[in-house]
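Engineer: Got a structure here, written out as structure tokens. Questions coming.
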Amino acid sequence: MARQVQGSYQPRCAIVDPDQAFNDETTLPRRLARRSRFVRGGIALGAAGIVGALAVITPGLAQNAAASNAPAPTVVGEVDPTVRVGTTDAFVTRAASTDRDLSREEQASVSISEAVTQRAAQLDEVGQKVAEAQASVAAQVRSETLANTGTAIDAEAERFASMKFFWPTEGEISSPWGMRLHPILRYTRLHGGADIGGAVGAPIYAVADGVVTKAAQGYNGGSGNNVRIDHGKMDGQNIETSYLHMNSISVSDGQKVKKGQQIGTVGNTGLSTAPHLHFSVYVNGANSDPAPFLLAGRR
């Protein structure tokens, strides 16, 4: 049986009919419930007013709040956070991400391969150009070397040719160089030249290039009309030639003459028994046998 409590408040357990007591507005539970509804409503209205004021003052706050509440974008290559781990969707998403990674790697590999191929082609082209340039330079050097060699050979051939005497006049050697009995003086002495027979007036030629050092007319100690030519150095030796018993002289002292140039005619002047050319050679100033020089010119 419920126990009576002193005062206006009676606990529910002390009331005979609790439902009746709750519905009775005079009881404490009913009064507390009504008060709680009023308080909650006032709080809600106050919160709405504050949010509205903030929205008016700073419109960006509402947008930022909406943006912060929006789901984050999915980054390529990352697993979508909305996909549940361990489900079929997760495996499919992971496979797609892996395929994209492999595709990027394949594209990068293809790009590297193409770059390597292009670089190899460029190096081949450069190498070919270098080879062509080297071949051109080598050919030019070879050509210059051959030209220089040809020039040297020509110069040497010319030098050898100049060492070979031109045959001075018509006829052969009738009296060689050496000791002999003089046909007029009738004693033995050095015949310092080679007598070459010929007719009076036959041309006499310079045996090599040179300069006339003597062109004398008259008896001249038995030499008659005579010419002397300095040929300079020939094979390292100074060579001079003289032409005696001439009929006429066509050059003068100090004149330059060329090999094979006519310098006069055959005669019988001076100490002579018949028309002929007395031809003499001087090697470094010494009278020498002219036959080797004359015969070398005929080979």
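Nothing in this text is a laboratory measurement; each read-out follows from the coordinates by a stated rule. Predicted model, so just to flag it, every value in this text is computed and none were measured. Counting neighbours? That spans all protein chains shown, and the Cβs are built from the backbone with ideal geometry, glycine included.
Engineer: Would you calculate the separation in nanometres between label points at VAL200 and GLU106, each defined as 7 Å from the Cα along the Cα-to-beta-carbon direction?
Structural biologist: The answer from the label model is 11.9 nm.
Engineer: Continuing with this model, one more query. Using r as the Cβ-Cβ distance of ILE43 and SER113, and R0 as 45 Å, what FRET efficiency do you calculate, to the nearest 0.05?
Structural biologist: Details: r = 70 Å, r/R0 = 1.56.
Efficiency computed from Cβ-Cβ geometry: 0.05.
Engineer: Using 0.36 nm per residue, how much length does the chain from GLN262 to VAL126 gain when fully extended, once their Cα-Cα distance is taken away? All intermediate terms of the calculation are to be shown ahead of the outcome.
Structural biologist: Working: separation 136, 0.36 × 136 = 48.96 nm, distance 6.57 nm.
Here the answer is 42.4 nm.
Engineer: Another question about this same structure. With the crude spin-label approximation of a point 7 Å out along Cα→Cβ, what separation in nm comes out for SER175 versus ASP230?
Structural biologist: 3.0 nm
Engineer: What value in Å³ per residue do you get for the convex hull of the alpha-carbon atoms in segment 173-298? Before the final figure, lay out the partial values.
Structural biologist: On the way: hull volume 12.4 nm³, N = 126.
Given the Cα convex hull of segment 173-298, per-residue volume reads 99 Å³.
Engineer: Let me ask another. Between THR145 and ARG186, 0.36 nm times their residue separation minus their Cα-Cα distance comes to what? Don't skip to the answer; put the middle values down first.
Structural biologist: On the way: separation 41, 0.36 × 41 = 14.76 nm, distance 6.28 nm.
Separation in residues times 0.36 nm, less the Cα-Cα distance, equals 8.5 nm.
Engineer: Using label points projected 7 Å from each Cα along Cα→Cβ, tell me how many nm separate THR273 and ILE153, to one decimal.
Structural biologist: Placing both labels 7 Å along Cα→Cβ, they lie 5.1 nm apart.
Engineer: Sort 132-142, 271-281, 209-219 by the packing proxy (mean of other Cβ within 10 Å over each peptide's residues), most packed first.
Structural biologist: Values: 132-142: 10.0, 271-281: 19.6, 209-219: 15.8.
With the highest mean Cβ count within 10 Å placed first, the list reads 271-281, 209-219, 132-142.
Engineer: Let me ask you something else. Using only alpha carbon pairs under 8 Å that are at least six residues apart, calculate the relative contact order of segment 189-299 and give it in whole percent.
Structural biologist: On the way: 284 pairs, mean separation 38.3, N = 111.
For segment 189-299, the relative contact order is 34 percent.
Engineer: Under 5 Å between amide hydrogens, which residues at least 5 positions from SER223 or on another chain qualify, with H placed 1.01 Å from N in the peptide plane?
Structural biologist: LEU271
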